[in-house]
Amino acid sequence: MPKSITVYTSNSCSSCVMVKKYLDMKGQDYSEINIEANPDSQKDLFSISGQQRVPVTVVEQQDGQKAISVGYNLSSLSSAIA
């Protein structure tokens, strides 16, 4: 079970909506950071993932390791939250 899940999103991102729906279906709690509502978070997003686009999902495990999933990638998401 992941320690924490953070999803970086934007207002008009349909893939972001799909990532959040998937996490909801799997019963996973997550926090959302909207890069449009919080422009400073774009720097964090880039430093974490090397990406400037969303969605980016950061899954931190109990041991502190982090898995990064870019876009709506069910294979990557499902293995990260397993």
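The values are calculated or read from the model by the stated rules, or taken from the named source; none is laboratory data. Everything numeric here is computed off the predicted structure, so don't read it as measured data. Every residue, glycine among them, receives a Cβ derived from its backbone with ideal geometry; neighbour counts consider all protein chains shown.
Restricted to the stretch 64-75, and to residues there that are within 13 Å of the chain's Cα centre (by Cα) and under 14 Å from residue 19 (Cβ atoms), the residue that is surrounded by the most Cβ atoms within 10 Å (Cβ to Cβ) is 69. Taking first residues from the stretch 18-29 that are hydroxyl-bearing (Ser, Thr, Tyr) and partners that are in a helix (DSSP H, G or I), the Cβ contacts under 9 Å between residues at least 6 apart in sequence or on separate chains come to 22/74; 22/77; 22/78. The number of residues in the stretch 17-40 being polar (S, T, N, Q), modelled with pLDDT of 95 or more and not in a strand (DSSP E or B) comes to 1.
Would you mind stating whether residue 69 is in contact with a strand residue (DSSP E or B) (Cβ under 9 Å, 6 or more places away or on another chain), in a strand (DSSP E or B) and polar (S, T, N, Q)? So residue 69 passes the test.
For every residue, the table says whether it meets (1) among the β-branched types (Val, Ile, Thr); (2) without any contact (Cβ under 8 Å) to a residue 24 or more places away in the chain; (3) buried (at least 18 other Cβ atoms within 10 Å of the Cβ); (4) not in a helix (DSSP H, G or I).
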site	(1), (2), (3), (4)
15	no, no, no, no
47	no, yes, no, no
51	no, yes, no, yes
62	no, no, no, yes
77	no, no, yes, no
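Determine whether residue 61 is over 11 Å from the mean Cα position of the chain (by Cα), modelled with pLDDT under 95 and more than 17 Å from residue 1 (Cα to Cα). In short, no.
Filtering the stretch 26-45 down to residues that are of a type in the set (A, V, I, L, M) and surrounded by 12 or more Cβ atoms within 10 Å (Cβ to Cβ), which residue is farthest from residue 13 (Cα to Cα)? Top of the filtered list is 45.
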